[in-house]
Structures are given as C-alpha cells and as structure tokens.
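Beneath this line is the structure, given in structure tokens, with notes to follow.
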Amino acid sequence: CTEGLLEMELLLRDAQCRASLVKLRNQLVIKGRFLNYKALHARHQGATTRARGIVNRNEMKIRLHSEKYQCAWNVLFTFAGQDEGWVGWQKLRKEDVRCMEDANDLAVKEAKRKKARERLKRKLDELVAHAVDAPAWLKNAEDEDLDGDEEGRVGESRRQVSWIWMGAGMTGTDAELEDALRIEWAKAYVRARRWNEEVRLLTEEFRRVPISLECEADWWLERAQVVPVGTDALHEAYAQGMIAYAIKQESLFRGLAAR
C-alpha cells in the first residue's frame, strides 16, 4: 500500500461528507421554495402536475446527495473501527433529511392537523350514527393525515431542527446556495426556451401541412389531365379508370387540407 494513501482517503471522504451536506441543505431550501410556489400559485390539474414533477425531480437530487453522504460516512465509520465518536460526522437517517422550520410554523401545522383529525372523526361518527358505511377514502384519510406532511416528518422529530442545519460545513453556504439557485434558474430558463422552440416548430409544421396536401392534390389533378383519352395508346376503359382514381386522390387530399 502506498504510504499516506489511507490519510488521503480519509481526507477525501471527510471532504465528501462536507460537500454532500452543503449540497443537501441547498436542495432542501430549493424544495421548500418549490413547495411554497406550488401551494401559492399552482392551480388546477395541469399546473399542479407540473409543479409536482419539479418537486419530484428535486427530491431525486436530495436522495442522491443523501446517499453520497452516507456512503462517505460508512467508509469513515469502517476506518474508525465502527466507532461513531471517532468519525466526526453524524449518521444521516431518513428522518434527518427535512427542511428547516421554526417552532412556530410547526406548532401551526400541528394545530391544523389536529383540527383536520377532529373534522374527520365527526364525519365518521355521523355516518356511523346514520348506519351508513363510510367510503374507503374517508376511512383512510385520518391515517394519511397522521403519516405526516409532504416533507416526511413524523412524530416528535417535527418539533426540532434537524442536525444537518446545525452541523459543520456552514462556511460559504450562502454563496453556494445562491449558486445552486442560479443553476436551477438557468436550467428552468433553458427548458422554457426549448419548449418555446418546440412550439414554434409545431406551429410551422401545422402551417405547412395543408400547403403540402394542396400540392399533392394539384399533382393528382395534373396526372388526371395528362391521361391520353381517345387515342390508340390506351384503351378508353383504362383511361377512364386512371382519371377516376386521380380525381379520387385529388379529392382526398383536398379534404385533408380543409380539415
């Protein structure tokens, strides 16, 4: 083994943990802003579906940085003889990956959940009192509400800030966050330009399609006009059949162009 290779590996994994944690925080901030935008501006099925797609793509990046951090942590944990105190970084669990919220926001959300549970319970009690079988979605609604909100927080973990927001590696986070937001904006701008280009191409194609069909119709009409009728070169029945077929094709293409 090359001398100093182990030390270089440890430094590499330590830097990987620090960089992954910073990128993870950046993506969580972006996720929070995406969710706020979805809640405030996304209406109806189309806009909501697009907003959910953006959130899902950002969620994939969050999982990527989480897995990268955990892989580096596992290497450090192995080198440390499975002693977490020597690693210097905390183990990243699923419940640790959540957006940063203060106690007031969490208290408000918990109060809303409590009111929602009470409303659902009253509805179920009314249905039971009238001997009406409650639908499945209503029976499962309370369980879904108890599962937590969109950000995956469960139990008492909602009442405190995750350690990832208080750990090491905070230096330069604001600048890196601005870079991350700038990158996301640039990607969205490029996607919008690409979609606008697709719209222009489709518009031009729709403009050219009827013109092409009219040209095809004119071509079939010209073929009908050049059929040799009344000559010895072609039997009259064959000539009439050729003209009828050409007129039929000409009518077909003009009908398509008129649609």
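The values are calculated or read from the model by the stated rules, or taken from the named source; none is laboratory data. Small disclaimer: the values here were computed from a predicted structure and weren't measured. When we count neighbours, we look across all protein chains shown, and the Cβ atoms used for this are built from the backbone with ideal geometry, even at glycine.
Quick notes
- For segment 56-75, the criterion of being at pLDDT below 85 and not in a loop (DSSP other than H, G, I, E, B) is met by none of the residues.
- Single residue of Ala180, Ala246, Ala188, Ala168 found to be modelled with pLDDT of 90 or more, outside the structural domain of Arg113 (by TED's automatic domain parsing) and touching a helix residue (DSSP H, G or I) at 6+ places or on another chain (Cβ under 9 Å): Ala246
- Filter pass, Arg18 being closer than 17 Å to Cys99 by Cβ and in the same structural domain as Trp86 (by TED's automatic domain parsing): no
- Filtered residues of segment 45-94 (kept if touching a Gly at 6+ places or on another chain (Cβ under 8 Å) and either loosely packed, with under 14 Cβ neighbours inside 10 Å or of a type in the set (Val, Ile, Thr) (or both)): Lys94
- For segment 222-254, filtering for residues that are among the small types (Gly, Ala, Ser) and outside any helix (DSSP H, G or I) leaves 2.
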